[in-house]
Each structure stands twice: as C-alpha cells, then as structure tokens.
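Enquirer: If you scroll down you'll find the structure; I have some questions about it.
The values are calculated or read from the model by the stated rules, or taken from the named source; none is laboratory data. No experiment lies behind these values; they were computed from the predicted model shown. Every residue, glycine among them, receives a Cβ derived from its backbone with ideal geometry; neighbour counts consider all protein chains shown. Just so you know, the surface numbers come from the protein's heavy atoms only, side chains and all, with ligands and any DNA or RNA stripped out. Shrake-Rupley method; radii C 1.70, N 1.55, O 1.52, S 1.80 Å.
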Amino acid sequence: MAKHRRVFEYLHGGIESGALKPGDRLPSEAELGRLFDASRITVAKAVLDLQRMGLVTRRPGAGTHVLSQQRATGRTFGLLIPELGLTEIFEPICHGMARTGFAKPDALLWGSASASAGESAREAEQMAQSFIAQKALDRAQIPIVLLDRCYMPFPERSDHDLVGIDNRRAGYMAAAHLLGMGARRLAFLGEPAAANTVDARIAGFHEAMRMHGAAPERDPAWRGSAQDEVLVRGMLEALRPEGIVCANDLTAAQLMQTLLGLGVRIPEQVRIVGIDDVKYASLLPVPLTTIHQDCAGIGVAAMAAMLERLEHPELPARDILLPVRLVVRRSCGAQLKSRSGDERGLAWE
C-alpha cells in the first residue's frame, strides 16, 4: 500500500471509529511523517484527500481539525450579489443555484444590496476591494466562483473560477444576424459605465463587421443612455444605421421607446437586437430579437464548479462559458425579408 494511502487509512479510520472526535486536532504533518516514515508532501496528500471528503478543515496557524457530522454532510455557500433586483439576469441565476440537486444537503445564504444602482455599484466595489486587499477569503481557504464577469479589467485575470457566457460570441452573433438580414450600416449602443462584459460584446460586434466586409469609416460603437434623445438623434444622424445591436435587453427596451418617440419605425427603418433574453423581451412594443443566455444553467454550472473546486483545490482557475443562442422576434425585421424577398428590406427615409 502506498505511504500516503496508509496515512489516509490511519486518519480516516480514527475519524470513522470516533477515536478522532469533531473538533479534535490531527497530528501535525511532521508527527505523521515520523510515524509513517513519510515525507511531508506524502502526508499532505493524505490530509488533502480527507479535506476533499469534507471530513477535516485546515485552520491557518491552528492545524487541521475534524469536522462535525453536520459539517461533513452539508456545507454552507454564500452568495453575494449587490445588483440583485437591479440587474435582470441575476435572479434566474440565483434560482438555478437554489434548485440544483448539487446544493443538497447544503445551505445557500443570500446576500444583496437594497441601495440605488449607483450606491450598489460603489458598495460592491468597496466590498470586493476589501476582500482583495485583505485576502480574507484566501487566508480562510474559502474558494470563490465568480458569476457573469471577472472583477479585474481585461487582459488581467483573477485566480478564481468564472462561470458565464462567451460575451464576444454573443456580440458577434447579434451583429452577424443583422448583417444576414441585409443591414449593412450597424451601430452598437451601451451604457457608459457598463460592466466589462460589454467590452467583450463590442469586440465580437466589430469582428462580425470585419468578417462580413462591413467595417465602417468611423467607430459605430456608442456609449451613452438609450433614454437620451439628443444622443440617440446624434447617433442616427452620424451613422444612419439600418440596425442597432444593444449591449443588453434593458438598453434595447429604452432605445425602442426613444426611437418610437422620435417617430422611427421598428423594424422598417431601424432593426434592433438585444442580448440576454430577459423575461419582458417578448412583451415590448416591438417584440425583441435577442441573444439568449441560460441564466439558470449558469447557476447550476456555478454550483458544480464550486463543488469541484472544493474536491480539487489544486485545479487552475477556469473560465466556464455556457453557449448562447439567437431568439428571433419582430424587432430584427426577419418578417420583412420573408414577406418581400428583398435581402435588404430596409429603406431610410
């Protein structure tokens, strides 16, 4: 029997028999090394196997201790989402996490902020910076799985697993669909202080324009409020877009209201595609064509990633990206093409 297995069986047997009780401190790695004539690496491997089974926990500066039966059979997961209730995608992600069979018999603690969007963003940033600066979770050996986006700006990368969608692909798919509908002059619109996922969507948008030979002379990606009538009017006059890709469905909904207020017909004059496929996308004045992301699936994948991280803490940080799909509704003008047979199907007046 391999030495690390002998150490494991010795400790595991002590826990199973009750000789090592909940809260008891295991012999140190040095003591176990002398007892079994094994290296500290061999001993550490055996202890890590026990930790993966949820039987022991390492306490920095205090050694390794046996967990209680309750702790050994169930874990408590914390969920921190300052934008809960303010950003539409996070509620279904949370529901996906809560419903998954991976979470049983574990407990899920929810945390959110009830402040305004601006205050919530500042609170989230302060909390994240506090954790990063103090490395409190790292010192406590509490693994972290990030949802939707990394907190570090591209091209930097955190040391934590990330579960979300391929935002570059989403931006590409949205633009490519409009180009396929015959729209050649496209614009992209997003909020000025949006998450870094929007940068990836813009990159995919630009890539689709290049690959379809539709790259414009001036930058078609605009940043500003879709409710700003002056900005929207300026974008229309500067680019004369036949189609607009919006950073998300909320921006698309706001833009739709502004365009309709300006007397612009959707999709006859301007076609719109959003990203996210939130629950109200089909209920807008003109049902919204959008890129669907499986938010519940992100929740399930996040729980699976966390459990795998607990079992295999030595794995490198991973990006786990779920596929997206196009949902075609009226706002992209697909019905105009099918009705007229005209590949362009657009006329700016």
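Enquirer: Filter the strands (runs of 3 or more DSSP E) completely within region 179-275 down to those with at least 3 residues that are free of Cβ contacts under 8 Å to residues at least 40 places away in the same chain and not acidic (D, E).
Expert: 221-223
Enquirer: On the given criteria, is L315 at pLDDT 80 or above, assigned to a strand (DSSP E or B), among the aliphatic types (A, V, I, L, M) and open to solvent by 50 Å² or more (accessible area, probe 1.4 Å)?
Expert: no
Enquirer: Quick one: would you say T290 is open to solvent by less than 40 Å² (accessible area, probe 1.4 Å) and within 25 Å of the chain's Cα centre (by Cα)?
Expert: yes
Enquirer: For a quick check of your reading of the model, give me the residue pairs whose first member lies in region 42-64 and is farther than 19 Å from R5 by Cβ, whose second is open to solvent by 30 Å² or more (accessible area, probe 1.4 Å) and not hydroxyl-bearing (S, T, Y), with beta-carbon atoms closer than 6 Å and at least 6 apart or on different chains.
Expert: R58/Q141; P60/R139; G63/R25
Enquirer: Could you tell me which of the residues V264, V273 is at pLDDT 95 or above, over 31 Å from the mean Cα position of the chain (by Cα), within 19 Å of R184 (Cα to Cα) and of a type in the set (V, I, T)?
Expert: V264
Enquirer: Quick one: in region 11-57, of everything that is among the acidic types (D, E) and open to solvent by less than 50 Å² (accessible area, probe 1.4 Å), which residue is nearest to the chain's Cα centre (by Cα)?
Expert: Looking at residues that are among the acidic types (D, E) and open to solvent by less than 50 Å² (accessible area, probe 1.4 Å), I get D49.
Enquirer: Within region 214-236, can you find the residues that are surrounded by fewer than 15 Cβ atoms within 10 Å (Cβ to Cβ) and modelled with pLDDT of 95 or more?
Expert: Result: Q227, D228, E229, V230, R233, G234.
Enquirer: Taking region 237-253, which residues are surrounded by fewer than 21 Cβ atoms within 10 Å (Cβ to Cβ) and among the acidic types (D, E)?
Expert: E237
Enquirer: Output the residue which, of all residues in region 300-309 that are farther than 24 Å from F154 by Cβ and either modelled with pLDDT of 95 or more or touching a helix residue (DSSP H, G or I) at 6+ places or on another chain (Cβ under 7 Å) (or both), is surrounded by the fewest Cβ atoms within 10 Å (Cβ to Cβ).
Expert: A304
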